[in-house]
Structure formats: structure tokens, C-alpha cells
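The values are calculated or read from the model by the stated rules, or taken from the named source; none is laboratory data. Since the structure is predicted, the reported quantities are computational estimates derived from the model, not experimental observations. Positions of Cβ are backbone-derived with ideal geometry, glycine not excepted, and every protein chain shown enters the neighbour counts. When the accessible area is computed, the model is the full protein with side chains, heavy atoms only, and any ligands, DNA or RNA have been set aside. Shrake-Rupley method; radii C 1.70, N 1.55, O 1.52, S 1.80 Å.
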Amino acid sequence: MLHIFGCPMHCGVGEEGLIHSLDYLNTHNTNLHLTTIPELSVVEEDSAHLKRFNSVLENCTAIAEYSYKNILSKGNTPLFIGGDHSAAIGTVSATATQYDNIGLIWIDAHADINTDLTSASGNIHGMPVSALLNNLSPAGEKLSKILTDNPKVKPENIVHIGLRDIDPPEAIILKELNVKYFTYDEIKEKGLETCLNEAIDYLSHLEHIHLSFDIDAVNPQLLPGVSVPVNDGFTLPEIYHVFERLLRELPISALDIMEYNKEYDKDDITADFVSELIAFIQKQVN
């Protein structure tokens, strides 16, 4: 059974519009029944490379513990609503603690695979994949050791879908680790069906897969309520088709919907989409 929960976490990016977005979703859609974990704020030490590190660590740990103890260990499927994408350090850590050798599908305009030594901003929401790979410097390694000390996912078990803004250092990391990815330009060139076939075939040997979706994978002209918009991107029918195929053809054991930011939304377009996507996932999973 699907268990929906969330955290209005903004410390991985510092976008204050994220703070009240989950409360708004709950009032906007009274049928949502979203269990909200409050964002924790703790004393910080100045770090240009790992901004608000202590808060990110505390929140990701709380998210991981909730998902593992209250959902996964009871045989249910977590659907997490964020909050900035660094929260996936927590959600994926929980999935990887419950299940061995998980896959990770990262649907996003951004690769989020910077390290603390390559990030230009120091915002941890651009580092979650590296944290899950245990590829941060010693200063950030606690993020890699939430719940267990082991890396949470192997490079060969990751697929990025829809990338449109890859930082130069990220391109190097993706190449060095041989991470499978599809840019949105490649999807337009080869066709969405072809790329989905490749992604599904690539991960089909795994028994458990975590699907993490950043709303900015969609064209911001269609869904403006995101913190870091990038031109172009998926259409809404394309995203629903992606979810339909992945949920039908792969063993998706946990999901995230990340980075809904009410501050930038227009006429509740993005809020409505989040509610509709949740309902779509419920029909597929339950």
C-alpha cells in the first residue's frame, strides 16, 4: 500500500517558498492526507562548500528513519513529497537500508551529482546523488552514512532521465562513474519510447528501484512552481507516460516528488499537477 508523507525541507537550497508549500498542498487538496514531518533547524557551522550542512543532515536522517520504520519495514511503498531534492538523501537511504542492491531512477533537469568540492553554489540539493554514492569529501561523508555506513546505490544501478542542465564537473563525474543518463535533447532525438525501453532494460535485473522525480524535469512554461527552472523539458503527457511505463514495467518500491515551490506557481497549475500525479501513482500502486 502507498504511504504518502513529506517534509517542507528547504535547507538544501535556501528557497523559502518551499517552507509553506506542503501545508498549502494539504489545504488545496483536502483528500491528500499527507503526513508532514516538520523541517528541523539546527546550529550551523559556516561552510561555503556545504551550506546548512547540519540542518540537511538532521532532516535527511529524520526522513530516512520515518520512511524505514513506519513504511518500508511494514511492507508498504513510500511516496515522499518535498521539499528540496537533497531530501532524497534521506528517502533513498531508507529504501537502500530496507532492500539490497537497489536501482535509482532520477528524473530531473539537473544531474544533482556535484560533490562538495565541485559545486559552485555549495547548495546540497545539487549533491544528493553523490552523497548516495558516498562520493563526497570527508567533510560531507555523514550524509552518506545515514542509517547505514554503506553506499546506498551503485553507479551502474542509476539512470538519469531528462537532463537539461549538466554542470561541467558533473559531466566528468557521470563519465568517470559510467552513469547511464538521457538528456532531454537525446530523448527528443531518439524518441521517448526508445529511451524508456533502454532505461527499463538497463534496470530490469534489479528487484527494487527508487524513483525520484524533480518537477523541474517538466517545461517551466507548463509547471512554473519550481525553484530552479530550466528552459524546455517534458510535456505533461510525456511525464505521465514515463510514470505509467516505469510503474508498470519495473519494481518501483519507493517514490519522490520534489521541489514544488508555491512561491513561483501561477494559478495553482503546479499544485494541481502534484495532486493529480499523486492520484495517478495511487491508482498504479494500490
Check: Which pairs have Cβ atoms under 7 Å, sit 6 or more apart or on different chains, and link a residue in the range 251-279 that is open to solvent by 10 Å² or more (accessible area, probe 1.4 Å) to one that is in a helix (DSSP H, G or I) and among the hydroxyl-bearing types (Ser, Thr, Tyr)?
Finding: Ser253/Thr95; Lys262/Ser21; Lys262/Tyr24
Item checked: Unique residue being over 21 Å from His160 (Cβ atoms), charged (D, E, K, R), in a helix (DSSP H, G or I) and open to solvent by 10 Å² or more (accessible area, probe 1.4 Å) when the list is Lys51, Lys69 -> Lys69
Checklist line | Residue selected from the range 193-226 under the condition open to solvent by 30 Å² or more (accessible area, probe 1.4 Å) and touching a residue at least 24 places away in the same chain (Cβ under 8 Å), by the criterion nearest to Leu250 (Cα to Cα) | finding: Ser204
Check: How many residues does the range 72-87 contain that are over 20 Å from Leu22 (Cα atoms) and either in a loop (DSSP other than H, G, I, E, B) or of a type in the set (A, V, I, L, M, F, W, C) (or both)?
Finding: 3
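Yes or no, residue by residue, for (1) open to solvent by 70 Å² or more (accessible area, probe 1.4 Å); (2) touching a strand residue (DSSP E or B) at 6+ places or on another chain (Cβ under 8 Å); (3) modelled with pLDDT under 95:
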{"position": "His125", "(1), (2), (3)": "no, no, no"}
{"position": "Pro138", "(1), (2), (3)": "yes, no, no"}
{"position": "Asn157", "(1), (2), (3)": "no, yes, no"}
{"position": "Pro169", "(1), (2), (3)": "no, no, no"}
{"position": "Leu174", "(1), (2), (3)": "no, yes, no"}
{"position": "Val179", "(1), (2), (3)": "no, yes, no"}
{"position": "Thr183", "(1), (2), (3)": "no, yes, no"}
Next item on the list: Might you check whether a residue that is open to solvent by less than 10 Å² (accessible area, probe 1.4 Å), of a type in the set (Gly, Ala, Ser) and either free of Cβ contacts under 8 Å to residues at least 12 places away in the same chain or in a loop (DSSP other than H, G, I, E, B) (or both) occurs anywhere in the range 107-118?
Entry: yes
Notebook entry, point to check: Quick one: would you say Lys180 is among the basic types (Lys, Arg) and over 25 Å from Phe80 (Cα atoms)?
Noted result: no
Check: Applying the selection to the range 260-284, what residues are in a loop (DSSP other than H, G, I, E, B) and out of contact with any strand residue (DSSP E or B) (no Cβ under 8 Å at 6 or more places or on another chain)?
Finding: Asn261, Asp265, Lys266, Asp267, Asp268
Next item on the list: Could you grab me the full set of residues in the range 233-250 that are touching a helix residue (DSSP H, G or I) at 6+ places or on another chain (Cβ under 9 Å) and either outside any helix (DSSP H, G or I) or free of Cβ contacts under 8 Å to residues at least 12 places away in the same chain (or both)?
Entry: Gly233, Phe234, Leu250
Check: Are there any pairs, at least 6 apart or on different chains, whose C-beta atoms fall under 7 Å, with the first in the range 137-156 and under 11 Å from Leu104 (Cβ atoms) and of a type in the set (A, V, I, L, M) and the second open to solvent by less than 30 Å² (accessible area, probe 1.4 Å) and in a helix (DSSP H, G or I), and if so, which?
Finding: Val153/Val92; Val153/Ala96; Val153/Leu132
Checklist line | Subset tally (residues that are part of a loop (DSSP other than H, G, I, E, B) and open to solvent by 60 Å² or more (accessible area, probe 1.4 Å)) for the range 140-155 | finding: 5
Notebook entry, point to check: Of Thr97, Thr61, Thr27, Thr91, which residue is open to solvent by 50 Å² or more (accessible area, probe 1.4 Å) and either part of a helix (DSSP H, G or I) or of a type in the set (Ser, Thr, Tyr) (or both)?
Noted result: Thr27
